[in-house]
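Note sheet for the following structure.
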Amino acid sequence: MSTVLAFRGGVHPRHNKNTDVLPSIRLTDFSEVDIPLHQQIGPPCTCVVSPGDYVCVGQVIARSEHPMAVPIHSSVSGTVKEIHHVVSEIGEPIEAVRIESDGKFVDDPSVAPPVIESREDFIAAVRASGLVGLGGAAFPTHIKLNPPADKKPQFLLINAAECEPYITSDYRMMCENPDQIIDGILAVMKWIDIPRAIIGYEDNKPLVSRIFEHELEKRIFKTGECHDIRVHKMKTVYPQGAEKMFIYALTGRKVPPGKLPHDVHVTVLNVSTVRQIGLYLRTGMPLVRRRITLDGSALNIHGNFNVPIGARVRDIIESAGGLREDPTKVIMGGPMMGVALDSMDCGLIKANNAILVFGSKETRVPPESACIRCARCVMACPMLLQPAGIDQAARRKDIEMLTHFRVMDCIECGSCTYSCPAKRFINQSITDGKKLIRAEKERYASEQRLRTASQKASSGKEEQDGKSVPKE
Ligand code: SF4
Ligand code: SF4
């Protein structure tokens, strides 16, 4: 174990890991859930149940044949009430299955550990478990585990950085389920044929190395097998857990803009994702619950809670102890990259790992002032961008300058906004700038399509005209 490389830039917000010593509590007191049918990067799934159907925990309720999609399973047992539209956490309408829970949490009889004899079986099992990246990106895990043949991974990196303030759900997972995490790592190493794994964590998590050392020693003692799994401590600096920074810290490899981890022969999985693989291989129970951190000054009780997917934010808060004051801001995720909710009626999705509920003291937004060209945002940017330039270009809707400042390479970590003394809304400018570029690309593509169609039409007409003219 050793402290490893750190990337350039980043910021040091207060950790506020207030809940890291509190054991997780399983919440079951939900009269109904709204399970969204779009929970991963890729298209939404199609509902396969109807109102009135009785469903069990772990039963498939929606699926899609699209290669990027994974099935969605019921997180409670009970009766399907309706398939309707709800508002997602980003404020968009989304189809969801509402299930009235009978409170019994009856498992689906078909739930059983998968039989795996080959790499293909393993990837199919990971897909069948409904697994997506649980670090927040929701990228389908079966795709990550199947890189092109010429990009065979040399390292499996387990992302246990959990660098966002407040969130401790991964840390509690490591304290409470290290055996399942190691099961998952060994399965990925075996079936995907990755010789070496590294678990990377930030040095504000005191027990991680001892937990895994103990777990690995126990296995060597039991089975006599020794695997190349190492545990590396990293400097606590935000955004250490961002994929590109994480890869650099542990391997010294740089993922070029527009490329993916497998381009540098690395596979990165979040520690909760790999634990879910371990759990699924043992029990066959797909992804139906998530461990989330609840914190913030407006809550009565803070802690980590194991919650059924689809449970509404309002019900989770109520079930976990309720509110001490009217919240002024509710965030799904961490304070740096999370999404501020318009409504507490949206259902928990697979990628969520925290709900932060703040009162008025913590959410006072100071007024924005003019840029003083101090370059603190530039120093903080881990992607070596010029956030102040992006901010100005986005406000001027200057697409050429946005392209020049490489807005699309921004990982939206929020370090620039955090470090800005003028309190510029740089993150908002980045979001707007990316939207402008996407709209421009879409406009160009549709123009191209129209041009091609009209060229085809006119050449067809010419052919027809040619035929109609008698040849001499
Ligand atoms: S420009 Fe993007 S990547 Fe750079 S600090 Fe700001 S949000 Fe992070
Ligand atoms: S940190 Fe703020 S004030 Fe300083 S250069 Fe960047 S945008 Fe301007």
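Assorted remarks:
- Amide H to amide H, with H built 1.01 Å from N, GLY10 comes under 5 Å of CYS381, counting only residues 5 or more places away or on other chains.
- Taking the number of Cβ atoms within 10 Å of each Cβ as an exposure proxy, the fewest-first ranking of MET189, MET234, MET245 is MET189, MET234, MET245.
- For the range 290-363, the spread of Cα positions along each principal axis, largest first, Å: 30, 25, 20
- Over the chain: Rg over Rh, Cα atoms, Kirkwood Rh: 1.01
- Ranking of HIS38, HIS73, HIS227 by count of other Cβ atoms within 10 Å, fewest first: HIS227, HIS38, HIS73
- Seen from ILE94, the other residues with C-beta closer than 15 Å to its C-beta sum to a net charge of -4, counting Lys and Arg as +1 and Asp and Glu as -1.
- Computed over the Cα atoms of the range 25-289, the ratio of the radius of gyration to the Kirkwood radius (Rg/Rh) comes to 0.97.
- The calculated pair-distance distribution of the range 369-455 uses every alpha carbon pair, bins of 10 angstrom beginning at 0, and gives 19, 45, 21, 10, 5, 1 percent.
- When each of the peptides 77-85, 259-267 is scored by the mean number of other C-beta atoms lying within 10 Å of its residues, the order from highest to lowest reads 259-267, 77-85.
- Here the residues SER24, SER415, ranked from fewest to most Cβ neighbours within 10 Å of their Cβ, fall in the order SER24, SER415.
- Length gained on full extension, ALA453 to ARG119, computed as 0.36 nm times the residue gap minus the Cα-Cα distance: 115.8 nm.
- Packing rank of 160-170, 92-102, where each peptide gets the mean count of other beta carbons within 10 Å, highest leading: 160-170, 92-102
- Here the chain carries DSSP beta bridges of which approximately 60% are antiparallel, counting only pairs with both residues inside.
- Most simply put, the range 290-363 has about 80% antiparallel DSSP beta bridges, counting only bridges with both residues inside it.
- Residues whose placed amide H lies under 5 Å from that of ASP102, excluding near-sequence neighbours: SER77, GLY78, THR79
- Radius of gyration and Dmax over the Cα atoms of the range 274-422, both given in Å: 19.3, 57
- Over the range 152-255 - Rg/Rh using Cα atoms and the Kirkwood inverse-distance radius: 0.96
- Long-range HN-HN contacts of LEU299 with modeled amide H, under 5 Å: ARG324
- Charge sum, other residues only, whose C-beta stays under 12 Å from ILE309's C-beta, Lys/Arg counted +1 and Asp/Glu -1: +4
- Each Cα pair under 8 Å and six or more residues apart adds its separation to the average, and for the range 25-289 the resulting relative contact order is 21 percent.
- Dimensions (Å) - the range 79-129, Cα atoms, principal axes, largest first: 42, 30, 15
Since every read-out is calculated from the coordinates, none of them should be taken as a lab result. The model shown is predicted, which means the values in this text are computed figures rather than measured ones. Virtual Cβ from ideal backbone geometry, glycine too; neighbours counted across all protein chains shown.
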